[in-house]
Amino acid sequence: MARPARTVCLLDWHADTPYGLTAVAVPADELSEAEEVAAPLAGEALPVAWVDADPALLRRLVAMCRPIPTTGFWHVYDDRPVTDEARARRDCLRVFADEWPDAERLPVDQADHLPGLTALVRLAALGCRVPPEAEEWLDEDEDIHDTFDTFTVGVLPADWH
């Protein structure tokens, strides 16, 4: 039986409430190719908020993301009212480790050399800040999540400990 391909995850932490952790998974053997395809994203002025961004900009960014080889996208946020950032980060990382046990986390010094993929994970995280009703008005060619074959977006349960 063939071993599954190694997966590398680039992470993005959102340090404002609600706190959130985003991961974009890339096959380890395609990391260089993925960065090459994603590199133009590094030169783009990324929007501050998905909801308020110019639709033409969103369409251009989404089109740039589509050909990037990824194996998935994952996001969890913590909106518990009495959680501080350190606890939220720890808890989100624990959930990530439980759900993606075989994923290799890319060391920060390596991620610094992947500006295109870093922009991709930031865009994916930004897309998670869109309110649920956005599905009604957000076109497919403006939806960053539509660029991933698989994705999971969730919230930490209130009783998580």
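Would you mind getting the accessible area per residue of the chain, heavy atoms of the protein chains only, 1.4 Å probe, in Å²?
Solvent-accessible surface per residue comes out at 56 Å².
Whole-Hz ³J(HN,Hα) for each residue in segment 96-105, computed from phi via Karplus 6.51 cos²θ - 1.76 cosθ + 1.60 with θ = phi - 60°, x for glycine and proline: what do you get?
Residue by residue, segment 96-105 yields 4, 4, 5, 7, 10, x, 9, 6, 8, 7 Hz.
Using Cα pairs closer than 8 Å and at least 6 residues apart in sequence, work out the relative contact order for the chain, in percent.
About 37 percent, as a whole number.
Select from PRO131, PRO18, PRO55 the residue whose mean-square fluctuation is largest in a Gaussian network model of the chain (Cα-Cα springs shorter than 10 Å).
PRO131
Hey, with R₀ at 41 Å, roughly what FRET efficiency would ASP52 and ARG6 work out to, going by the Cβ-Cβ distance, to 0.05?
It comes to 0.60.
Want the number for VAL82 to GLN110: 0.36 nm per residue separation, take away the alpha-carbon distance, what's left?
My answer for the length gained is 6.7 nm.
Hey, any idea what % of the chain's accessible area is carbon plus sulfur with a 1.4 Å probe?
52
In the chain, what percentage of the DSSP-assigned beta bridges are antiparallel, given to the nearest 5?
70
Ranking request for peptides 39-48, 72-81, 59-68: highest mean number of other beta-carbon atoms within 10 Å first, then the rest in descending order.
Answer by packing, highest mean first, reads 72-81, 59-68, 39-48.
Can you tell which of MET64, LEU41, LEU31 lies farthest toward the positive end of the dipole of the chain, using +1 and -1 charges on the Cβ of basic and acidic side chains (Lys, Arg; Asp, Glu)?
LEU31
Given only helices, namely DSSP H runs of n ≥ 4 each adding -39500 (n - 2.57), what is the per-residue ellipticity at 222 nm of the chain, to the nearest 500 deg cm²/dmol?
Estimated from H runs of four or more residues: -10500 deg cm²/dmol.
With +1 on the Cβ of every Lys and Arg and -1 on the Cβ of every Asp and Glu, and nothing else charged, how large is the dipole of segment 20-161 about its Cα centre, in debye rounded to the nearest 20?
In total the dipole reaches around 440 debye.
How large is Rg over Rh for the chain, taking Rg from the Cα atoms and Rh as the Kirkwood inverse mean of 1/r across Cα pairs?
Reported Rg/Rh, Kirkwood definition of Rh: 0.96.
So who's got an amide H within less than 5 Å of the one on THR7, skipping anything under 5 residues away but keeping other chains? H placed 1.01 Å off N, in plane.
Under 5 Å from the amide H of THR7 lie the amide H atoms of ALA28, GLU104, each far enough along the sequence or on another chain.
The values are calculated or read from the model by the stated rules, or taken from the named source; none is laboratory data. These numbers come from a predicted model, not from an experiment. Here the Cβ is made from the backbone with ideal geometry for all residues, glycine too, and neighbour counts use every protein chain on show. Remember, those area values only see protein heavy atoms, side chains included, never the ligands or the DNA or RNA. Shrake-Rupley method; radii C 1.70, N 1.55, O 1.52, S 1.80 Å.
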